[in-house]
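For reference, the structure is listed below as structure tokens.
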Amino acid sequence: MCGYLLFLPKILHDTKELQKEINSLAGKLDRTFAVTDELVFKDAKRDEAVRKAYKYLAALHENCSQLIQTIEDTGTILREIRDLEEQIENETSKKTLSNLERILGDYRAIKQENVSLLSRSRET
């Protein structure tokens, strides 16, 4: 857990920076597509080659959008993995604490039993 906490501020900063970059790129992609779409669409009505280029442009835009979505999904999955790793570490820590408490209880019981046996042996 300590290792995770040491890197948490850097992880959060990096995540925010990546999200900003993704948002910026997605915005640029959409603006570029809108301008290009308008320009190419006008000529696509008159020219078969431009019509083909327009179809490729639309397919490229869709592929880029899917790529951005995949990157965002990957980021979400990685955050979930980090959260699960932290939960595992916390649960492991709790189990260790529980085991230590049980061992301490056993130690006290044995110590009490030793005192009892010692006093009985002195009586005989």
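Answer with yes or no whether residue 36 is of a type in the set (Ser, Thr, Tyr), in a helix (DSSP H, G or I) and over 23 Å from the mean Cα position of the chain (by Cα).
Answer is yes for this residue.
Could you say which residue among 124, 32 is among the hydroxyl-bearing types (Ser, Thr, Tyr) and surrounded by 10 or more Cβ atoms within 10 Å (Cβ to Cβ)?
One residue alone meets the criteria, 32.
Just for the stretch 1-20: of the residues that are more than 14 Å from the chain's Cα centre (by Cα) and at pLDDT below 80, which one is surrounded by the fewest Cβ atoms within 10 Å (Cβ to Cβ)?
That would be 2.
Restricting the search to the stretch 68-82, which residues are surrounded by 12 or more Cβ atoms within 10 Å (Cβ to Cβ) and more than 14 Å from residue 19 (Cα to Cα)?
Passing the criteria: only 82.
I'd like to know if the stretch 59-68 contains one or more residues that are of a type outside the set (Phe, Trp, Tyr), touching a helix residue (DSSP H, G or I) at 6+ places or on another chain (Cβ under 6 Å) and not in a helix (DSSP H, G or I).
Among the residues of the stretch 59-68, not one is of a type outside the set (Phe, Trp, Tyr), touching a helix residue (DSSP H, G or I) at 6+ places or on another chain (Cβ under 6 Å) and not in a helix (DSSP H, G or I), which makes the answer no.
Failed condition for residue 107, given (1) in the same structural domain as residue 6 (by the TED database); (2) farther than 30 Å from residue 7 by Cα; (3) at pLDDT 90 or above; (4) surrounded by 10 or more Cβ atoms within 10 Å (Cβ to Cβ), with all others met?
That leaves (1) as the condition not met.
The values are calculated or read from the model by the stated rules, or taken from the named source; none is laboratory data. Small disclaimer: the values here were computed from a predicted structure and weren't measured. When we count neighbours, we look across all protein chains shown, and the Cβ atoms used for this are built from the backbone with ideal geometry, even at glycine.
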